[in-house]
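I have placed the structure first, in the form of structure tokens, so that the comments after it can refer back to it.
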Amino acid sequence: MLILIPLGLIGVGYCFWCYAHTEAYCFFCPSIDTRYAPGFSEERFSQIRSGMTAQAVQEVLGGPLYVQPYVEDRKEGELWFYTLDGKCKWGDWAWLCRQVDFREGRAVAVIRRVGYD
């Protein structure tokens with residue numbers, strides 16, 4: 001019986017390690033692997049609407065962590081990332097993706113999703 005307890009703990013530990021390295025969603029702490037832009041808050045992000053200018057978005061949220069330029073239908077755009085993956089050093093969890101898509105200087109989409117990459 002005494003040998004079963006350590007084996008059980010090893011089994012549970014191994015299962016948790018596997019779960020934490022599969023980009024799974026963490027129900028206990030959804031933001032466990034999410035890096036946020038300085039000063040970011042979900043409350044302020046919820047104030048962002050399509051049609052806002054880039055300057056207006058920056059006044060509410062500050063600068064993004066990363067800007068990805070792109071071309072779609074011959075129109076240039078930018079995807080501003082206010083969150084990124086990779087905060088958790090001991091596991092690879094899903095992350096809370098918060099982005100604003102701009103075309104011609106105006107927000108065309110406010111993206112709020114869970115990233116599994």
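The values are calculated or read from the model by the stated rules, or taken from the named source; none is laboratory data. Predicted model, so just to flag it, every value in this text is computed and none were measured. When we count neighbours, we look across all protein chains shown, and the Cβ atoms used for this are built from the backbone with ideal geometry, even at glycine.
Values for this structure:
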item	result
Residue match in region 59-66 (condition: touching a residue at least 60 places away in the same chain (Cβ under 8 Å) and either exposed (fewer than 15 other Cβ atoms within 10 Å of the Cβ) or within 20 Å of the chain's Cα centre (by Cα) (or both))	no
Selection within region 67-103 - touching a residue at least 12 places away in the same chain (Cβ under 8 Å) and in contact with a Gly (Cβ under 8 Å, 6 or more places away or on another chain)	85, 94, 95, 96, 97, 101, 102, 103
Of all residues making up region 57-114, the number that are in a strand (DSSP E or B), farther than 27 Å from residue 29 by Cα and not β-branched (Val, Ile, Thr)	12
Pairs, first in contact (Cβ under 8 Å) with a residue 12 or more places away in the chain and more than 20 Å from residue 89 (Cβ to Cβ) in region 30-48, second of a type outside the set (Ser, Thr, Tyr) and part of a loop (DSSP other than H, G, I, E, B), C-beta under 6 Å, six or more apart	39/62
Residues that are assigned to a loop (DSSP other than H, G, I, E, B) and either at pLDDT 95 or above or of a type in the set (Lys, Arg) (or both), drawn from region 37-56	37, 38, 40, 41, 46, 47, 48, 49, 50, 51, 52
